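The next block holds one structure in the form of structure tokens; read it before the comments.
The values are calculated or read from the model by the stated rules, or taken from the named source; none is laboratory data. In this text the structure is predicted, and so the values were computed from the model without any measurement. So basically every Cβ, Gly included, is an ideal-geometry build from the backbone, and we count neighbours across all protein chains shown. Just so you know, the surface numbers come from the protein's heavy atoms only, side chains and all, with ligands and any DNA or RNA stripped out. Shrake-Rupley method; radii C 1.70, N 1.55, O 1.52, S 1.80 Å.
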Amino acid sequence: MSSDTAVEYEVAQGRSKSFYPRFERKDELQHQTHYCPGCGHGVVHKMLARAIDELGIQDRTILVGPVGCSVFTYYYFDLGNVQAAHGRAPAVSTALKRSRPESIVISYQGDGDLSAIGAAEILHAANRGENITVIFVNNAIYSMTGGQAAPTTLLGQKSTTTPEGRSALGEGYPLHESELLATLEAPVYIERVGLGDNKQIAQAARAIRRAVENQVRGLGFSLVEVLSPCPTIWKMQPVEAQHWVRDVMEKTFPLGVLRDRTKDAQPRPAPATPPALEEIPRLLGLEHGERLVKDERQVLNLAGNGSALKRTGERARAAEVDLEVRIAGFGGQGVLLLGEVLAEAGLESGLEVSWLPSYGPEMRSGTSNCHVRLASQSIDSPLVSAPGILVAMNEPSLRKFDRTVRPGGWVIYNGEEFPEDCARPDVRVVALPFTKIAHELGDARASNMIMLGVLLEIAGVLPDASVAAALRRLVRNPRWVELDERAMAGGRARYREMFAEVHA
Ligand SMILES: Cc1ncc(C[n+]2csc(CCOP(=O)(O)OP(=O)(O)O)c2C)c(N)n1
Ligand code: SF4
């Protein structure tokens, strides 16, 4: 086309600036989200991003993502992003809004997340009238996990857990969450919208914008429920799924405004300033003299000469034990069990203990790790961010946590060779091919118990009887108990061979 006939086009529907320019979730698909064709989540994302753009609040908006198909919101929205545990987004949003009143906090949730596991959180956040915005995407099913019934599943609707269709007698009636919340005094705005046709979609966009704007005006709790297609789990074509929202879903969940007190509502006064972080242990009565002052030497001594306590069967002496352990590996390597046996043995020997498992939201073939603390005094937090001992059951876990080990700490690593670039002069290492050793012992799955044996030797604070009792309580099958005991003894022996001079 020559320059004098060139036509200038204006982009009417560009990408919202509240989205990242590229989505880095997958190297090869940075222009795509992970949503299926025809999924309502993508449409709702666009509406939300546009509302944030229009209100000019991108820099102060925090999006709290759920567990469900929309778990990856943080890959798409260029906002402050927090990913909450399943159902807990309204509680997390409450904390964020109260500690940062100037922020705009949006709780984004599916129907399983909001009306099943998170039923209490949403109810109480709404009842308190928290000044947050909730986007509730109702597709009448648990999609991410493959189509189990949700509280919102329609009567007669088939799911993997209601293969004959939901019945009122068996599973109860579909839960009308918006109507329920509209019985409360505090909410200022609740509306149900749908994505069933273009007219509905236009109304949904308006409602989402209003719900966010209410928060900008400081008015209080707003929620928009969006009836949303899930073609994949409903086993429909995208267009058919869209019509199903309008022609079927809407009959059970009528669209409309269920609460609107925005005209009369006054801006809510900001809550009292929360206490400073360092004040919290004192306010909670968790301070025990010097207990909260981390003493590296104490931990090291404990690692080196705690054996005085080891075989006596005595209760561990007060103020002597403060063991922080991180155990990490692939799902299936026995990461969590290793931590449980350790924690249970600590409990058995009269110590304060905490065990905190941590695994990815996808639940399949992921990595897992756990935090374990054993202490003579009350434990202020179950989180172990600077472990004294790291048990790394594979290389990715080593690479992830190696730098977090506190100076003077230990790494127990499952591998033929310790990667050179992970070596630290201030950390001691026990690197052995534990899986191979376990295989020679009778079962590769016992590698976690060999590593536990090494760990017990390093820590030197748990009586043998406590460990044996913990193992028997957690591993009931006598055949496994026997193997695990052998594995643990093997681990102890390996450690002693390697550090013979320390024990001489
Ligand atoms: C504590 C916990 N329990 C259960 C699960 C498994 N889980 C993952 S997503 C999900 C349901 C999600 O359904 P919904 O909220 O309706 O979202 P959708 O996938 O339909 O968008 C469940 C039960 C989990 N990840 N965490
Ligand atoms: S399974 Fe359903 S809710 Fe999940 S991404 Fe696909 S269409 Fe969307």
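Taking the criterion of being outside any helix (DSSP H, G or I) and out of contact with any Cys (no Cβ under 6 Å at 6 or more places or on another chain), would at least one residue in segment 236-247 satisfy it? Within segment 236-247 (the criterion being outside any helix (DSSP H, G or I) and out of contact with any Cys (no Cβ under 6 Å at 6 or more places or on another chain)), the answer is yes, since at least one residue qualifies. Could you tell me whether ILE201 is crowded, with 24+ Cβ neighbours inside 10 Å, of a type in the set (A, V, I, L, M, F, W, C) and more than 16 Å from ligand 1 (Cβ to nearest atom)? Judged against the criteria, ILE201 is not a match. Has segment 428-441 got at least one residue that is under 16 Å from LEU338 (Cα atoms), open to solvent by less than 30 Å² (accessible area, probe 1.4 Å) and hydrophobic (A, V, I, L, M, F, W, C)? Scanning segment 428-441 turns up at least one residue that is under 16 Å from LEU338 (Cα atoms), open to solvent by less than 30 Å² (accessible area, probe 1.4 Å) and hydrophobic (A, V, I, L, M, F, W, C). Can you find a residue that is within 22 Å of TYR173 (Cβ to Cβ), among the aliphatic types (A, V, I, L, M) and within 12 Å of ligand 1 (Cβ to nearest atom) anywhere in segment 84-104? So far as segment 84-104 goes, no, none of its residues is within 22 Å of TYR173 (Cβ to Cβ), among the aliphatic types (A, V, I, L, M) and within 12 Å of ligand 1 (Cβ to nearest atom).
Checking every residue in segment 92-102 against the condition of being open to solvent by less than 10 Å² (accessible area, probe 1.4 Å) and under 30 Å from GLN266 (Cβ atoms) gives at least one match. Out of ALA272, ALA265, report the one residue that is free of Cβ contacts under 8 Å to residues at least 12 places away in the same chain, of a type in the set (Gly, Ala, Ser) and away from ligand 1 (no atom under 16 Å from the Cβ). Going through ALA272, ALA265 in turn, the sole match is ALA272. Please indicate, with yes or no, whether at least one residue in segment 410-424 is in contact (Cβ under 8 Å) with a residue 12 or more places away in the chain and closer than 21 Å to PRO281 by Cβ. Checking segment 410-424: not a single residue is in contact (Cβ under 8 Å) with a residue 12 or more places away in the chain and closer than 21 Å to PRO281 by Cβ.
When you scan segment 128-161, how many residues do you find that are among the aliphatic types (A, V, I, L, M) and either within 13 Å of ligand 2 (Cβ to nearest atom) or farther than 24 Å from GLY42 by Cα (or both)? So the count comes out to 6. Considering the conditions (1) open to solvent by 70 Å² or more (accessible area, probe 1.4 Å); (2) at pLDDT below 90, ARG261 is excluded by exactly one of them, (2).
For segment 75-92, a tally of residues being over 13 Å from the mean Cα position of the chain (by Cα) and either touching a residue at least 40 places away in the same chain (Cβ under 8 Å) or within 16 Å of ligand 2 (Cβ to nearest atom) (or both) returns 6. Out of segment 48-76, which residues are away from ligand 1 (no atom under 16 Å from the Cβ) and either within 24 Å of GLN237 (Cβ to Cβ) or of a type outside the set (Val, Ile, Thr) (or both)? Listed by number, the residues that qualify are ALA49, ARG50, ALA51, ASP53, GLU54, LEU55, GLY56, GLN58, ASP59, ARG60.
Scanning segment 50-73 for residues that are within 23 Å of ARG98 (Cα to Cα) and either away from ligand 2 (no atom under 16 Å from the Cβ) or surrounded by fewer than 17 Cβ atoms within 10 Å (Cβ to Cβ) (or both) returns ALA51, ILE52, LEU55, GLY56, ILE57, GLN58, ASP59, ARG60, THR61, ILE62, LEU63, VAL64.
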